[in-house]
Amino acid sequence: MSELTAAPRTGGDAPAHDPPDADLTIVPSRHPWRRVATAVVAVLAAMAVNALVTNPAWDWPTVGQYLFAPSIVRAVLLTLQLTVLGIVVGFLLGTVLAVMRLSANPLLRSVSWTYIWIFRSVPLILQLLFWYNLALLYRSISFGIPFGPAFFEIGTMDLVSPLTAAVLGLALHQAAYAAEVVRSGFLGVDQGQLEAAAALGIPQWRRFRRIQLPQAMRTIVPTAANELIGLVKGTSVVYIMALSELFYQVQVIYTRTGRVIPMLLVAAVWYLVLTTVLSIGQFYVERYYAKGALRTLPPTPLQRLRATIGGLRARVAS
Amino acid sequence: MVELRGVHKSFGALEVLRGIDLTVRAGEVTVLLGPSGSGKSTLLRAINHLEKVDRGFVRVDGELIGYRRAGRKLHELPERRILAQRSRIGFVFQNFNLFPHLTVLENVTEAPVSAQGRDRAEVRAAGLALLDRVGLTDFAGQYPRRLSGGQQQRVAIARALALRPALLLFDEPTSALDPELVGEVLDVMRDLARSGTTMVVVTHEIGFAREAADTVVFLDEGRIVEQGPPAQVLDDPREARTRAFLSAVLH
């Protein structure tokens with residue numbers, strides 16, 4: 001005890017009653033408001049669950065009946081197909097656009113800029129209708145030498161089916177956003193990394209793939225996952241082209257049966273499942289690209305679960 | 001070994017190098033000294049064409065760096081050829097610039113495999129031997145961020161050596177280090193100097209220059225002010241500017 005500590009004046013508590021320093025116990029400060037907040041949120045959550053389960057208008061039995069109906073499962077597969085094609089083609093083209101935008105060539109830069117400007121500015125639904133009606137603009141499409149003779153010609157109607165139009169629309173729109181996502185990733189890579197690679201004489205393509213891309217991916221992945229999840233739900237706008245993806249299909253069923261709410265729930269449940277799977281995937285992809293960037297990787301949920309179970313067992317055993 | 005003739009370089013309106021002539025003989029250690037902004041780092045970077053020069057040329061082992069001569073014209077070489085030339089010149093950066101997503105061993109083995117097309121197993125064995133030489137065998141499987149600054153710089157030296165370079169360039173290799181870590185990096189460099197590696201070193205470590213350098217070159221405002229053996233330039237400088245710089249650094 002230092003001399004600065006004043007002895008308590010009230011009562012006769014002599015310092016002799018204080019326990020020795022080694023025996024002091026720590027009492028964490030209490031948070032009464034935290035407990036109140038917990039109680040309020042718990043009640044609200046219970047109310048929400050109750051409202052979902054007990055109101056017969058949600059019609060859960062019908063939801064269960066249609067959730068795995070063959071037409072719905074086929075529609076989910078089409079939604080998945082549109083998403084995968086849209087994101088793959090979108091990001092491939094987006095990467096090309098990003099590289100063009102970062103290039104030293106002013107023509108490539110401005111072409112890329114213009115593409116992004118147009119495809120980000122026009123609403124997706126409008127773009128989809130353009131592609132759907134491409135035959136009105138160009139009756140046939142010919143392949144050959146630019147401004148020269150054509151080798152063969154195809155009717156636009158035969159080349160651009162509604163599915164192709166949908167994929168084209170989604171992918172070209174996605175590419176504009178993907179380009180900016182990829183570009184931001186590359187801008188985030190330290191200039192010194194490229195210099196070191198150049199000084200070591202590592203060939204250009206290898207430098208891109210082995211040094212630049214893996215480091216850029218750390219910034220790209222979270223935003224790209226955002227885009228991907230956005231696209232899963234974004235595919236629902238192609239219902240205007242009468243493609244039987246998930247949203248269109250539930251509409252077909254409820255206009256026939258009149259059970260609007262349960263069918264919307266069916267769609268909601270499937271979208272939820274798809275994005276959940278993607279979010280889990282995102283976690284592992286991010287973890288993979290965190291190699292070397294973090295001193296220790298965070299444990300996966302599975303590892304955390306195992307650690308918790310292990311801890312509980314140890315406590316039970318002792 | 002290294003020959004610079006009439007090298008000029010400007011960044012916009014700022015002329016950083018104003019006619020540099022310098023010769024470095026094989027097996028010698030040359031230390032470049034000078035106040036910040038004197039152009040010594042730019043000079044070093046010009047040697048392996050990380051910085052393109054505006055006028056003059058650089059030769060390493062008799063070969064023009066970055067250019068091909070045709071009559072009275074110098075044509076810039078295609079990127080592929082320049083990369084091949086660079087892979088024979090080791091470069092060690094102030095900020096290490098190790099690849100954070102590759103392990104220590106992968107950092108060392110990447111360029112010999114991808115730039116020189118050497119056999120993976122042979123490069124791996126050579127890489128482990130180099131890590132042993134800089135005293136870091138135990139860290140081969142670690143990622144660079146787990147290492148101290150001094151250890152990282154030693155990995156960077158091993159990475160440069162893995163290319164079996166004819167020439168090693170060091171750009172202020174100890175300036176980003178905590179004072180107690182400078183010694184371990186200088187030890188490795190002294191060891192290299194003794195083994196007869198040709199080195200050009202930009203540094204503020206006067207002690208290292210005195211001990212390991214064959215030639216000390218003092219630069220100021222983009223020109224070589226004086227050069228000679230360390231005993232002469234460091235202990236008995238002829239030029240007033242050299243004296244002023246040395247007294248500022250040493251006191």
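Please compute P(r) over all alpha-carbon pairs of chain A, binned at 10 Å starting from zero, and give each bin as a whole-number percent. Over chain A, the share of Cα pairs per 10 Å bin runs 5, 15, 20, 20, 16, 10, 6, 5, 2, 1, 0, 0 percent. Within the listed set A:L92, A:L52, A:L172, the Gaussian network model of chain A (springs between alpha-carbon atoms below 10 Å) gives the highest mean-square fluctuation for A:L52. If I build a Gaussian network model for chain B, linking alpha-carbon pairs within less than 10 angstrom, which residue out of B:V200, B:V182, B:V31 has the largest mean-square fluctuation? Highest fluctuation among the options: B:V182. For segment B:3-82, applying the loop criterion from DSSP together with a ceiling of 10 other beta carbons within 10 Å to the trypsin sites (Lys or Arg not before Pro) yields B:R72. In the protein assembly as shown, a dipole from Cβ-located charges (positive for Lys and Arg, negative for Asp and Glu) runs towards its positive end, and of A:Q81, A:V49, B:T103 it is A:Q81 whose Cα lies farthest in that direction.
Counting only aspartates and glutamates at least 8 places from B:K9 when in the same chain, those with an alpha carbon closer than 17 Å to its own are B:D21, B:E51, B:D54, B:E76, B:D220, B:E221.
Taking Cα centre as origin and charging only the Cβ of basic (Lys, Arg, +1) and acidic (Asp, Glu, -1) residues, the dipole magnitude of segment A:123-221 rounds to 340 debye.
The stretch between A:T156 and A:V43, if pulled fully straight at 0.36 nm per residue, gains 34.7 nm over its current Cα-Cα span.
For chain A, which DSSP H helices look membrane-span-like by this rule: Cα extent along the axis of 30 Å or more and mean Kyte-Doolittle of at least -0.5? Let's see the in-between values first.
On the way: long enough: A:32-54 (33 Å, 1.34); A:70-102 (47 Å, 1.90); A:162-187 (37 Å, 1.04); A:260-289 (43 Å, 1.32).
Answer set is A:32-54, A:70-102, A:162-187, A:260-289.
Take the Cα gyration tensor of segment A:115-208, multiply each eigenvalue by 5, square-root it, and list the three semi-axes largest first, rounded to whole angstrom.
Numbers: eigenvalues 289, 83, 20 Å².
That gives 38, 20, 10 Å for the three semi-axes.
Please list, by residue number, every one of the trypsin sites (Lys or Arg not before Pro) in segment A:250-318 that is coil in DSSP and has at most 12 other beta-carbon atoms within 10 Å.
Those that pass, being in a loop and sparsely packed, are A:R295.
Over segment B:102-165, all Cα pairs binned in 10 Å intervals from 0 give whole-percent P(r) values of 26, 59, 15, 0, listed from short to long.
GNM remark for chain A: springs join alpha carbons under 10 Å apart, and the peak mean-square fluctuation among A:Q174, A:Q212, A:Q204 falls on A:Q204.
With only alpha-carbon pairs counted, each pair once and no self-pairs, how large is the Kirkwood hydrodynamic radius of segment B:1-154 in angstroms?
Numbers: mean 1/r = 0.0566 Å⁻¹.
It is 17.7 Å.
Along the charge dipole of chain B, Cβ charges K/R +1 and D/E -1, which of B:L246, B:L74, B:V123 sits furthest on the positive end? Working it through, the farthest residue towards the positive pole turns out to be B:L74.
The numbers here are math on the coordinates, done by the rules we state, and not lab data. Note that the structure is a prediction, hence the values are computed from the model and not measured. For neighbour counting, all protein chains shown are included, and Cβ atoms are generated from backbone atoms with ideal geometry for every residue, glycine included.
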